[in-house]
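The values are calculated or read from the model by the stated rules, or taken from the named source; none is laboratory data. Just so you know, these numbers come straight off a predicted model, no measurement behind them. Note that each Cβ is placed from the backbone with ideal geometry, even for glycine, and that neighbours are counted across all protein chains shown.
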Amino acid sequence: MHKLVFLRFLLLFITVSISAQAPKKPTASEIYHNLQKLNFIGSALYIAAHPDDENTRLISYLVNDVHANTAYLSITRGDGGQNLIGPELRELLGVIRTQELLAARKTDGGEQFFTRANDFGYSKNPEETFEFWTKNEVLSDVVMTIRKFKPDIIVNRFDHRSPGSTHGHHTASAMLSVEAFDVVGDASKFTKSAENFGVWKPKRLFFNTSWWFYGSQEKFEKADKTNHVSVETGNFFPALGLSNGEIASLSRSMHKSQGFGSTGSRGSETEYLEILKGSKPADNNLFEGINTSWTRLEGGEKIGEILNPLEENFNFKDPSQMLPQLLKAYPLVSNLKDAHWRNIKLKQLKQLILDCGGIFIEAVAEKNAINPNEDFKVNIEAINRGDGIVSIQSVKNTKGKTLWDTAENLPFNEKKNFEITVNSGNNTPLYSSPYWLNEKGSVGMYAAPEALIGLPETPALEKVVFELQFQNITIPFTKNVIYKYNDPVKGEVYRPLEVLPEVTASLPEKVLIFASNEPEDVSVIVRAGKDAISGNVRLQHPDGWIVEPLQQSFQLTRAGETKTFKFKVTPPQGQSEGYLKTNVLAEGKTFNKELAVIDYEHIPYQSVLLPSEAKVAKIDIQKKGENIGYINGAGDAIPESLKQIGYSVSTIDPLNISAENLQPFDAIVIGIRAYNTVPELAFAQTALNNYVENGGTIVVQYNTSRGLVSESFAPYSLQLSRDRVTDEFSEVEILAPENPLLNTPNKITQKDFEGWVQERGLYFPDKWAKEFTPILGMNDTGEVQTKGSLLVAKYGKGYYIYTGLSFFRELPAGVPGAYRLFANLLSIGK
């Protein structure tokens, strides 16, 4: 009798990295943990505004301590934030943060949902937020998610009663949750989701409060807690070898683009929840009064009689002993009348059957990307590493077409390999790219196909169904077709199989600034998505612009091959803005997408299709100086933008900052949040000040007041605040009309503040030494004017400039006035 022996240590929570797509090979402890989840019939939904807003400690508690079916609904994908790990912003950052949330949920065991709301940037109150979000549509998405997920309890991260005290998105998320709680049970409201998923009425709505919402620990301790429930979230899980706080910190640390690495905590920890709607539970049991046993479901009592003893008498040495009982429960679970719980519990039960049986099944494509309607080879692997009698009956596609039907037994520990041919067909959506980027949305809302709204990512387009027979029971198991390869350093690397276009094209420069009437060469890179493809590439242009030639032919031999084409682009005489767009004609179709790749070790490899376009702007701009030194901060595209207007930009290694190394530059620009993220700057300030004193110009972009590597980041006293102006259309007052920053070499007027995107600026200083001159005044509606967005001080022979204006957003967006003003900053004193 062969025994299946499992390790006692759970590695799943520790190694979520490039193996994010790798199949789980669970330990006995994880099998036991999953059996506990199988036997709990209850759900919880956590709701907040952004990735990283969620309380991973409470989510992990609900999943791993309570064993509830738990999900996080993030209203947005975090597209408006900053990126500490790379240059991606906006849509691509949203893709990264989506995958980071999925990695976090894989770590703590929860599920993940979203709405169509776009994180358009910081908002000071929910009223402003709802000016950009289409409230009824976002509310519809929240209602749909609740009806679909059917949570017994809902927990809000933020307080719906405190608008203006935190990010407007935060308060808005709570307001949406409270409103949704009251309408999800009404079939006359949001009728489409009521028809698709039925109505639902959660039992309780909580606000996950803490001392932070009261202003201090002292105030929180004195607060009336009559409506509060407290739960212990610091428990240690022997079966997992981790405390809840350690799991939560590993989950939190998946938010790497936000710099949220977290140290694991051990020991007692308390979470407080204020009851907002429904009855307050007794004994701090969030599910008090809710039947969470199998008897909750019609037909569930017999299932519980089979499965509950397995948990009570779990055999850690040989979990395969419970396989016969799991198989006995399978037809009973399959016949549950409650379709919602039937689907959830079938998925959990089927995975336990595979895990306890020691059965490994996998479908691996011969290449990493295919095209629609393409035949491709898939290698099937199946192995039975347990002592049960198992046979593989067939392999089918998801439409029921048989791809292999030579029924064979799977003897103990003998690998079965065979190859099948699959046709990708015409899927919906057509490509594997993030579905919410397929169509153009608005500033505040993404467009999405109705069937995919709420899903965290585009479902795998290629799947196969294994039919396995256990004794006299045949069970289908659906598996994504994946791709994997061996890396000499990393070993086995898994990647998703992607369906991509036959050809894509890109404009490497996303913003093209023309400072004169002279034509410039514009590059277009055509990339083959299949072998042996040919066609023509054209460049659409705005009225008044001239592009030569009209089109160029290409022929590419192998998938992945690229070829660069040059088009001569001539701007019109006057100032003009617009977009250049590529059109590729091949195989009787027109292709207009660019392929962008996101490749970080902590999340799966991602291919993203975006419109293949670049903004072009003819700008009346002058500049002085040539050589710019750039000290990178948290990541931005300012250096590339400055090159667009003719500057030579060199990156300065923070370790090599010295008077001698700085001397060749006409100006030094310090990247966003550099004084928060570059420790070496704490020791370089003397050299930077000496550079200014000897006649240089330094431009420091925004930093946050918390976490500065040095408080002395300027030659004079300068204090940062949280002042910001989020309305990109807000009026700008010129406070120092005679200052060179507004006059040389470009005359800055109100027109230069038109067309700004997302915001005016952020984290402005609110106190400064008398040597500084404030240049601009601005404010959001109803607020006092701030004057710290742009400050300049003469120091010795040179100039020190501090600005919180969001140049890091405006220059990559091709805003003409931002370019003209930034050129003035670099030109002062020249």
Note to self: Scan the stretch 339-356 and tell me whether some residue there is in contact with an Asp or Glu (Cβ under 9 Å, 6 or more places away or on another chain), of a type in the set (Gly, Ala, Ser) and part of a helix (DSSP H, G or I).
What the structure shows: no
Margin query: On the basis of being under 30 Å from TYR330 (Cβ atoms), crowded, with 17+ Cβ neighbours inside 10 Å and among the acidic types (Asp, Glu), does GLU498 make the cut?
Written below: no
Checklist line | Residues located in the stretch 711-735, provided they are among the β-branched types (Val, Ile, Thr) and within 17 Å of ILE672 (Cβ to Cβ) | finding: VAL725, THR726
Checklist line | Looking only at the stretch 744-773, and only at residues there that are among the polar types (S, T, N, Q) and in contact (Cβ under 8 Å) with a residue 60 or more places away in the chain, the one that is nearest to GLU728 (Cα to Cα) | finding: GLN758
Check: From SER612, SER650, SER641, SER576, which residue is in contact with an Asp or Glu (Cβ under 6 Å, 6 or more places away or on another chain) and of a type in the set (S, T, N, Q)?
Finding: SER612
Next item on the list: Run down PHE213, PHE220 and say which single residue is free of Cβ contacts under 8 Å to residues at least 12 places away in the same chain, part of a helix (DSSP H, G or I) and farther than 23 Å from ILE290 by Cβ.
Entry: PHE220
Notebook entry, point to check: Scanning the stretch 14-23 for residues that are in contact with a helix residue (DSSP H, G or I) (Cβ under 8 Å, 6 or more places away or on another chain) and part of a loop (DSSP other than H, G, I, E, B), which turns out modelled with the highest pLDDT?
Noted result: VAL16
Note to self: Given the options THR582, THR557, THR564, THR590, name the one that is over 15 Å from SER506 (Cα atoms) and modelled with pLDDT of 95 or more.
What the structure shows: THR557
Checklist line | Residue list for the stretch 811-826, filter: assigned to a helix (DSSP H, G or I) and either at pLDDT 95 or above or farther than 19 Å from LYS623 by Cα (or both) | finding: GLY817, ALA818, TYR819, ARG820, LEU821, PHE822, ALA823, ASN824, LEU825, LEU826
Next item on the list: Go through the stretch 316-327 and count every residue that is over 39 Å from the mean Cα position of the chain (by Cα) and either in a helix (DSSP H, G or I) or surrounded by 14 or more Cβ atoms within 10 Å (Cβ to Cβ) (or both).
Entry: 5
Check: When the stretch 303-321 is examined, which residues are found to be in contact with a Cys (Cβ under 9 Å, 6 or more places away or on another chain) and over 14 Å from SER29 (Cα atoms)?
Finding: GLN321
Next item on the list: Would you please name the residue that is nearest to PRO411 (Cα to Cα), looking only at residues in the stretch 456-509 that are among the hydrophobic types (A, V, I, L, M, F, W, C) and part of a loop (DSSP other than H, G, I, E, B)?
Entry: VAL481
Item checked: Total residues in the stretch 442-462, condition more than 18 Å from TYR605 (Cα to Cα) and either of a type in the set (A, V, I, L, M) or buried (at least 16 other Cβ atoms within 10 Å of the Cβ) (or both) -> 11
Check: Taking the stretch 447-496 only, how many residues are more than 14 Å from SER394 (Cα to Cα) and of a type in the set (S, T, N, Q)?
Finding: 5
Checklist line | Candidate set from the stretch 413-429 (those that are surrounded by 15 or more Cβ atoms within 10 Å (Cβ to Cβ), at negative phi and not polar (S, T, N, Q)); member that is modelled with the lowest pLDDT | finding: PRO429
Check: Using beta carbons and a limit of 7 Å, which pairs, at least six apart or on different chains, have the first residue in the stretch 596-608 and assigned by TED's automatic domain parsing to the domain that holds LEU507 and farther than 20 Å from GLY261 by Cβ and the second one charged (D, E, K, R) and surrounded by fewer than 20 Cβ atoms within 10 Å (Cβ to Cβ)?
Finding: TYR605/ASP599
Next item on the list: Look through the stretch 519-554, keep the residues that are loosely packed, with under 13 Cβ neighbours inside 10 Å and among the charged types (D, E, K, R), and return whichever of them is farthest from SER506 (Cα to Cα).
Entry: ASP543
Note to self: Take the residues in the stretch 93-111 that are of a type outside the set (A, V, I, L, M), in a helix (DSSP H, G or I) and over 10 Å from the mean Cα position of the chain (by Cα); name whichever of them is nearest to LEU58 (Cα to Cα).
What the structure shows: ASP108
Note to self: Quick check on this structure: which one of SER789, SER806 is polar (S, T, N, Q), over 24 Å from LEU512 (Cβ atoms), buried (at least 23 other Cβ atoms within 10 Å of the Cβ) and in contact (Cβ under 8 Å) with a residue 40 or more places away in the chain?
What the structure shows: SER789
Next item on the list: Return yes when SER123 is outside the structural domain of HIS340 (by TED's automatic domain parsing), surrounded by fewer than 24 Cβ atoms within 10 Å (Cβ to Cβ) and among the polar types (S, T, N, Q) and no when it is not.
Entry: no
Check: Looking at LEU11, LEU35, which one is more than 22 Å from the chain's Cα centre (by Cα) and at pLDDT below 50?
Finding: LEU11
Notebook entry, point to check: Can you find a residue in the stretch 60-81 that is among the basic types (Lys, Arg), in contact (Cβ under 8 Å) with a residue 24 or more places away in the chain and more than 24 Å from ILE598 (Cα to Cα)?
Noted result: no
Note to self: Can you list the helices (runs of 4 or more DSSP H) lying wholly within the stretch 630-710 that have 2 or more residues being within 31 Å of the chain's Cα centre (by Cα) and under 16 Å from GLY804 (Cα atoms)?
What the structure shows: 674-677
